[in-house]
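The values are calculated or read from the model by the stated rules, or taken from the named source; none is laboratory data. Everything numeric here is computed off the predicted structure, so don't read it as measured data. Please note: Cβ atoms are built from the backbone with ideal geometry, for glycine as well, and neighbour counts cover all protein chains shown. Note: areas computed on protein heavy atoms with side chains; ligands, DNA, RNA excluded. Shrake-Rupley method; radii C 1.70, N 1.55, O 1.52, S 1.80 Å.
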Amino acid sequence: MRILSLSAVLAGLLAAAGPAGATPLPETCAQARTGGLSVSGNVAAARDYVLRFSPGGEAPSLHARMVTVKGGDAAGTDARDILNAASLVLLGALTNHHGAGCPSEYFASSVGPLLNGLKAGQGYDVAWTAPVVNNGGARLSFAALHLHLGGAELGGPVVVALDVRDAQASGNTVLASLLPQQARSNFSIPAQSLGPLLAATAGHPARSVLVPVTITTLMAQHGDLRLNGRGTAMLTGNADANSAAGHLSLSNLPELIATLRAAGQARATTALILANLVGRHADADTSWDVEWQGGVLTINQIPLPLR
């Protein structure tokens, strides 16, 4: 379910890549620098990009060889502000870090121009080449992250495609064993939910946020482990208050159980053993109808102990 939440939360970050009206990144929120910025047509690119939450030091940081934004009227905007806002929300989503100095107004001001572009039939893409995220002793690296945003015409939902390529983790044994190396998700959220979701992701988490998400395709793979799913979720800005329901299938479940047992994750191991017992089996795949409510995972109406 963590993958469902992360994918849906990342849907909000491209709202920062609107075609006009971006606002400067508040110094109390984060600091950013780049080795060079270029704009050509509707494509803006920053090389050797670094962003770090305030205050500095050990605060979560993002480093990327290149960040590009494509769509709308990038040539007529302050592209640096667009890149900063998009990267800020990505960093918040990947580290579950909320910047105390990131005001909701900053995120809300980034949404309007994007929605205008979507209503006019424009699409948007943000791509990070070789991004690395440092968060305390943990390090995440990717070959690339790519997010496409479209839809929202005539009041319709925002349609999002997220691709993760060649992810790796170090500094955390369990994360390194389970982090999806490749992932793809296609989902949609209401256009009016983008602003609140941005603020809840990288700014002040708001318990009053209610963002419905429809996941049409979810795929995540780590070695021989492969997860597929579809369903719906309700994001709130607080992990324990999130909810979701849908269908999941996982290949080579015994391998995952063995990995968690070796890492000393006794409660999660027990939960997956129970999930294996109540799952439907076909060749190497195990599938379930699942629900996530109040931090409790329920499979076929059987609650499983994840904590």
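Brief remarks on what is shown
- Residues of segment 149-162 that are part of a strand (DSSP E or B) and small (G, A, S): G150, G151, A161.
- Filter pass, H146 being of a type outside the set (V, I, T), within 15 Å of the chain's Cα centre (by Cα), part of a loop (DSSP other than H, G, I, E, B) and surrounded by fewer than 19 Cβ atoms within 10 Å (Cβ to Cβ): no
- The test for being open to solvent by 30 Å² or more (accessible area, probe 1.4 Å) and either within 18 Å of A85 (Cα to Cα) or at pLDDT 70 or above (or both) holds for S177.
- Among the residues of this structure, L118 counts as one that is over 19 Å from the mean Cα position of the chain (by Cα), at pLDDT 75 or above and closer than 16 Å to L197 by Cβ.
- Evaluation of G229 against (1) over 20 Å from the mean Cα position of the chain (by Cα); (2) at pLDDT 95 or above (one fails), failing number: (1)
- Within segment 232-267, being part of a helix (DSSP H, G or I) and open to solvent by 30 Å² or more (accessible area, probe 1.4 Å) holds for A239, D240, A241, P254, E255, A258, T259, R261, A262, A266, R267.
- Yes/no for L277 being open to solvent by less than 60 Å² (accessible area, probe 1.4 Å) and outside the structural domain of A183 (by the TED database): no
- Against the criterion of being more than 14 Å from the chain's Cα centre (by Cα), more than 29 Å from S249 (Cα to Cα) and at pLDDT below 80, G137 does not qualify.
- Selection status of G57, small (G, A, S), in contact with a Cys (Cβ under 7 Å, 6 or more places away or on another chain) and either at pLDDT below 90 or open to solvent by less than 10 Å² (accessible area, probe 1.4 Å) (or both): no
- Answer residue from segment 64-115, given it is at pLDDT 80 or above and more than 26 Å from N135 (Cα to Cα) and is least open to solvent (accessible area, probe 1.4 Å) among those: G71
- Long-range neighbours under 9 Å by Cβ, at least six apart or interchain, first residue farther than 23 Å from H63 by Cβ and touching a residue at least 12 places away in the same chain (Cβ under 8 Å) within segment 117-138, second aromatic (F, W, Y) and crowded, with 18+ Cβ neighbours inside 10 Å: G117/Y124; L118/Y124
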